[in-house]
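The values are calculated or read from the model by the stated rules, or taken from the named source; none is laboratory data. Remember, predicted model here, so these are calculated numbers, not experimental data. Every residue, glycine among them, receives a Cβ derived from its backbone with ideal geometry; neighbour counts consider all protein chains shown. These area figures cover heavy atoms from the full protein model, side chains too; ligands, DNA and RNA do not enter into them. Shrake-Rupley method; radii C 1.70, N 1.55, O 1.52, S 1.80 Å.
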Amino acid sequence: MNPPRKSQPSPHMSDCMNLNVLPFGLWNAPATFQRLIDSLLEELGDYTVTYLDDVAIFSDSWAEHLEHPQKVFERIREAGLTLKAKKCQTDLNRVTYLGHQAGQGTINPLQAKVDAIQKWSVPKSKKQVQSFLGLARYYR
């Protein structure tokens, strides 16, 4: 019986390399990580929203909110991923997330962004129009 082979870099496409971390220079690493997180938390989509390395967990009641994070943490642990505790925020009524404030059943754009759109000066060039439309479309 042959002993198991260690994975080694090889110029042959039929061989496979196993990596524990993404090497530098991968231009699609964020998309790869997003797909991993999406597939990991797919069944928990009723109360989770993910964007790259951010996971928002929301609940209708305190009793549910005691269960939901445990399920998310369990999935993350089973996948062999870790969380950095000092970067986590828990038990918040409202959170600011991607230019919006969410919580207590509502999602609203940040007031500062609404004010910026309302106070935007009249565009005088094609580039200024494109810039304004980019901001305004995000909040439509």
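Structure data summary
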item	result
Residue selected from segment 91-139 under the condition in contact (Cβ under 8 Å) with a residue 24 or more places away in the chain and of a type in the set (Phe, Trp, Tyr), by the criterion nearest to residue 59 (Cα to Cα)	97
Filtered residue count, segment 61-85, keeping only those that are surrounded by 10 or more Cβ atoms within 10 Å (Cβ to Cβ) and either outside any helix (DSSP H, G or I) or on the phi > 0 side of the Ramachandran plot (or both)	3
Selection from segment 113-139 of residues that are among the hydroxyl-bearing types (Ser, Thr, Tyr), open to solvent by less than 60 Å² (accessible area, probe 1.4 Å) and closer than 16 Å to residue 98 by Cα	139
Tally, over segment 39-60, of residues that are assigned to a helix (DSSP H, G or I) and open to solvent by 70 Å² or more (accessible area, probe 1.4 Å)	3
Of the criteria (1) outside any strand (DSSP E or B); (2) farther than 23 Å from residue 43 by Cα, which one residue 90 fails	(2)
Considering residues of segment 86-112 that are loosely packed, with under 10 Cβ neighbours inside 10 Å and of a type in the set (Gly, Ala, Ser) only, the residue modelled with the highest pLDDT	112
Search result, residues across segment 105-140 that are in a helix (DSSP H, G or I) and in contact with a helix residue (DSSP H, G or I) (Cβ under 7 Å, 6 or more places away or on another chain)	117, 135, 136
